[in-house]
1. Using only the alpha-carbon atoms, what does the stretch B:2-119 span along each of its principal axes? Please give whole angstrom values in decreasing order.
2. Describe numerically, in nm with one decimal, the distance between label points set 7 Å from Cα along Cα→Cβ at B:Met1 and at A:Arg80.
3. If you take all C-alpha pairs in the stretch A:7-103, what percent of them are over 23 Å apart?
4. Per q in 0.15 1/Å, what log10 I(q)/I(0) does a Debye calculation on the alpha-carbon atoms of the protein assembly as shown return?
5. Find how many whole Å separate the alpha carbon centroid of the stretch B:27-81 from the alpha carbon centroid of the stretch A:32-103.
6. Could you tell me the number of lysine pairs in chain A with C-alpha atoms less than 23 Å from each other, where the two lysines are 8 or more residues apart or belong to different chains?
7. Once both axes come from the Cα atoms, what is the angle between helix A:28-53 and the longest principal axis of chain A, in degrees from 0 to 90, rounded to 10?
8. Pairing the Cα long axis of helix A:70-79 with the longest principal axis of chain A, what angle in degrees results, from 0 to 90 and rounded to the nearest 10?
Amino acid sequence: MMKIFSFRAPEEIMKEAEKLAELERIDKSILIREALEKGFERIRIDIAIKLFSEGKIATAEASDIANLSVGELMQIFRERGIGSRISLDELQGSLENAMKAIK
Amino acid sequence: MTLIADASSLILLAKAEILSALIEKNEIIIPEKVHEETARGKEKGMPDSFLIEKLIEENKIKVEKADEKTKGKVKEMFGLWAGEGEALSLAIEHNKPIITDDKKCINAAKAANISFMTSPDITIALFQKKQIDKKKAVFAIEKLEEAGWYKKEIIEIYKEKIK
């Protein structure tokens, strides 16, 4: 269901929307809706990356927020040079655990 | 041994091409949410997810429902939800180790007194237990390096462990 929402936008944005809508031969409102959807996609990813980088959320939690699969988000992390942030200290005991547990 | 895994670790192990070697002698259980996450990757055409989904279909990776009460406690105590939250819940319920390459999940596992292990350590353990040869172990660590998940200096330490 669509909801009506009115907002104030800078003149240059409206001019650009008109220009692009004309080029695409679509209604201005359709173009703005598409721009909003694409904008939200980006904002979701940016928020997920920010919270993950700050150590506030885990990987799958970030993928949930970004509305992406874990694999896709890990790919974005890689492209942006964001790693797991795991330190060597935090890995202490991991190998011993693996040696004990794995057959 | 039975091990519980989260989605990012399954993806890294699949990328490193050692997931099949690991499940040969070990049972892997994942919670429903992790399965959802890997299935979503398959829908989006992520190659690693295809292998994971195939192993689930063949019942080589088992899917279990995590208890709601445990999930609630894990969320409340460690602020962990989504796949990592459910994976840690299952690990607590079964009192089994968790495979995770997530910083927040590692620290939560430590606080919950649950044994944890990461993909590079699994690579080294499989190599030291002669489940994979040196060539495969080197390849796996190189793939993990390519994934960009671990800092270069950490990867170098693991490379040294194979020599």
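1. 35, 27, 23
2. Output for this residue pair reads 3.5 nm.
3. Numbers: 2446 of 4656 pairs.
So the portion of pairs separated by more than 23 Å is 53 percent.
4. Per q value, in the given order, log10 I(q)/I(0) is -1.01.
5. 16
6. Working: A:Lys3/A:Lys28; A:Lys3/A:Lys38; A:Lys15/A:Lys28; A:Lys15/A:Lys38; A:Lys19/A:Lys28; A:Lys19/A:Lys38; A:Lys28/A:Lys38; A:Lys38/A:Lys50.
Here the count comes out as 8.
7. Value to nearest ten degrees: 20.
8. 80
Each value in this text was obtained by applying a stated rule to the coordinates, not by laboratory testing. Keep in mind that this is a model prediction, so the values were computed, not measured. Note that we place each Cβ from the backbone using ideal geometry, even for glycine, and neighbour counts take in every protein chain shown.
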